[in-house]
Amino acid sequence: MVVRRANYGLELTDRLTGSALVGGSDVVVDSAPGEPVPTYFKVNASRWVFEDLGTSVSFKVMSDFYLGQDLVPGSGGLPAVPSSSMLGLLVPIEMTPKASYPFPRTLTRAVGQALLDSSLDVTTPPVAGAAVTITPKHDTTDGPTFETLTDENGQYAAWFLPDPSLDPPFATSFDVDITATVDIGGVPTAVSGSATGVAIVQQDFNGVSTIYLEM
């Protein structure tokens, strides 16, 4: 009899559906010097299990249609790797769809892009990893904000579900605020951009004009 012990696992879930991921996923493990090299395997597209995982480790999670994440057990709200005398853990990780996600045709969603303004870089490169805040507008009130990040192409995606607590339950427009720190001539520089009053067409794709980030 061979007994194998998994002491840590990642259960990747789709932020939109709350279920398993669409498409594949990959996890890269980085162990600290002197830590054991873990054995790990993919149970399915959404679950990764690790054996003999050390206590000083980090994960880089990547997936076809979702924003990547860098995870460190014991920080950022993640539980630490348990000791060998304790039961293993299966940790849920919510993955946010990016612009390339196969959204249902009837889902109200918006896709936009953030580029660096030409005054800072004449090539106007895409800004990856920028923080995006979407504020839905329901006539006289604001709905709960939606937060995401831009992907490697500077693109972001958001979706709008009805809110029965608001009247009307469907948002009619939204505002976008984007912030990032970029390297300009070797100097970390805060940049930002926004768009207001972007109209929403229900049950359809809504494009957002390119937002150019500047100081």
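For the chain, set up a Gaussian network in which alpha carbons nearer than 10 Å are linked by springs, and say which option among Val176, Val111, Val122 fluctuates the most.
Result for the chain, Cα springs under 10 Å: Val122 fluctuates most.
Roughly how many Å is it from the Cα centre of the stretch 129-200 to that of the stretch 1-76, as a whole number?
Computed from Cα coordinates, the inter-centre distance equals 29 Å.
Tell me the volume per residue, in Å³, of the convex hull enclosing the alpha carbons of the stretch 7-90. The partial results should precede the final answer.
Values: hull volume 7.9 nm³, N = 84.
Cα convex hull per residue, to the nearest whole number: 95 Å³.
When DSSP assigns beta bridges and you keep just the ones with both residues in the stretch 61-215, what percent turn out antiparallel, to the nearest 5? Each step should come with its number before you reach the end.
Details: 34 of 40 bridges.
Around 85 percent antiparallel, to the nearest 5.
Test of understanding: ordering Arg109, Arg5, Arg47 by Cβ neighbours within 10 Å, fewest first, what list do you get?
Numbers: Arg109 21, Arg5 9, Arg47 17.
Exposure proxy ranking, most exposed first: Arg5, Arg47, Arg109.
Over the chain, with a single point scatterer placed on each C-alpha, what log10 of the ratio I(q)/I(0) does the Debye formula yield at q = 0.08, 0.10, 0.11, 0.18 1/Å?
The Debye formula, applied to the Cα set alone, gives -0.37, -0.56, -0.66, -1.21.
Counting other C-beta atoms within 10 Å, which of Thr196, Thr123 has the fewest, and how do the rest follow? Kindly include the intermediate steps, with their values, before the conclusion.
Numbers: Thr196 11, Thr123 7.
Starting with the residue having the fewest Cβ neighbours, the order is Thr123, Thr196.
Given a Förster distance of 25 angstrom, what is the FRET efficiency for Glu94 paired with Asp30, based on the Cβ-Cβ distance and rounded to 0.05? All intermediate terms of the calculation are to be shown ahead of the outcome.
Numbers: r = 22 Å, r/R0 = 0.86.
Using R0 = 25 Å, I get an efficiency of 0.70.
Have a look at Val57, Gln203, Asn153 and report the one farthest towards the positive end of the charge dipole of the chain, computed about the Cα centre with Cβ charges (Lys/Arg +1, Asp/Glu -1).
Val57
Report for the stretch 6-95 the percent antiparallel among DSSP-assigned beta bridges with both residues inside it, nearest 5.
On the way: 20 of 27 bridges.
About 75 percent, rounded to the nearest 5.
Read-outs throughout are calculated quantities, based only on the coordinates presented, and are distinct from any laboratory measurement. Just so it is clear, the structure is predicted and the values come from calculations on it, not from any experiment. Because the Cβ atoms are built from the backbone with ideal geometry, glycine has one as well, and the counts that use them run over all protein chains shown.
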